[in-house]
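Some notes on the structure that comes next.
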Amino acid sequence: MPAAQRVTTSDYSGSGYTRGHMCPAADMEWGANPLQDCFLMSNMCPQTEELNRYSWEALERACRRWARKEGAVLIVCGPIFDNERKQKTIGRKHKVRVPDAFFKCVLSMRKGHEKGIAFIYKNNRADQDMKECATTVDAVEQLTGYNFFVNVSDALEERLERQCNLSAWH
């Protein structure tokens, strides 16, 4: 992207929002290049400090635990925008849209123990409980218009994407 159009950290300065990583730095410590790449602005979205440092961070830690337990997990996450209302923006030089919420979809393909779950967190200052934010991948797909996990067989994808059993992940 041309430098004149590239969002920088200064666009977040004084905005009241933190640079929320979609792929967290703690997940990229396996190599110098991946760790450096996770600090690219294309991996960031404006998040309230409370969400970024507490509720979202707790979900990121849980995903790391699940990955260790399951051997591997597939994760897709990103921002959610309510297109029915005018979007708030931040930025001194560039306009950065502030998401209304964030989603994270998690899938385990461990043979014989396949499972899926998703979460939606509001981008606000409230403490949010993981149980209350849990939902199905199908619900996130309907909200975002995206189709996740298309490389999973149709029958398995259909079964996993309608699951929402947080206790199965503990």
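For the reader, a short list of remarks on this structure follows.
- Folded to 0 to 90 degrees: helix 56-70 orientation relative to the chain principal axis, Cα: 30
- Accessible surface, the chain, averaged per residue in Å² (probe 1.4 Å): 58
- Solvent-accessible area of the stretch 1-89 (1.4 angstrom probe, protein heavy atoms only): carbon and sulfur portion equals 53 percent.
- Measuring nothing but how far apart in sequence close Cα pairs (under 8 Å, 6+ apart) lie, relative to its length, the chain scores a relative contact order of 20 percent.
- Debye intensity ratio in log₁₀ form over the Cα atoms of the chain, taken at each q of 0.12, 0.14, 0.17 Å⁻¹: -0.58, -0.79, -1.12
- Residue 49-residue 67 pseudo-label distance in nm [points 7 Å out on the Cα-to-Cβ vector]: 2.8
- The slack between residue 4 and residue 143, meaning 0.36 nm per residue of separation minus the straight C-alpha distance, is 46.8 nm.
- Sites residue 150 and residue 111 - FRET efficiency at Förster radius 30 Å, r taken between beta-carbons, to 0.05: 0.90
- Peptides 57-65, 33-41, 100-108, ordered by how many other C-beta atoms sit within 10 Å of their residues on average, highest first, read 100-108, 57-65, 33-41.
- Separation of alpha-carbon centers, the stretch 14-50 and the stretch 97-167, rounded to whole Å: 21
- In this label model, residue 33 and residue 58 are separated by 3.7 nm, measuring between points 7 Å along each Cα→Cβ vector.
- As a rough guide to protection, the peptides 133-139, 11-17 ranked by mean Cβ packing within 10 Å, highest first, stand as 133-139, 11-17.
- Count, lysine Cα pairs under 15 Å in the chain, 8 or more residues apart or across chains: 8
- Computed [θ] at 222 nm, helices only, for the chain once each DSSP H run of length n ≥ 4 contributes -39500 (n - 2.57): -6500 deg cm²/dmol
- Compared with the alpha-carbon gap, the fully stretched path from residue 26 to residue 95 is longer by 22.0 nm at 0.36 nm per residue.
The values are calculated or read from the model by the stated rules, or taken from the named source; none is laboratory data. Treat the numbers as computed from the prediction; the structure is a model and nothing was measured. Note that each Cβ is placed from the backbone with ideal geometry, even for glycine, and that neighbours are counted across all protein chains shown. Heavy atoms of the whole protein, side chains included, go into the accessibility calculation; ligands, DNA and RNA do not. Shrake-Rupley method; radii C 1.70, N 1.55, O 1.52, S 1.80 Å.
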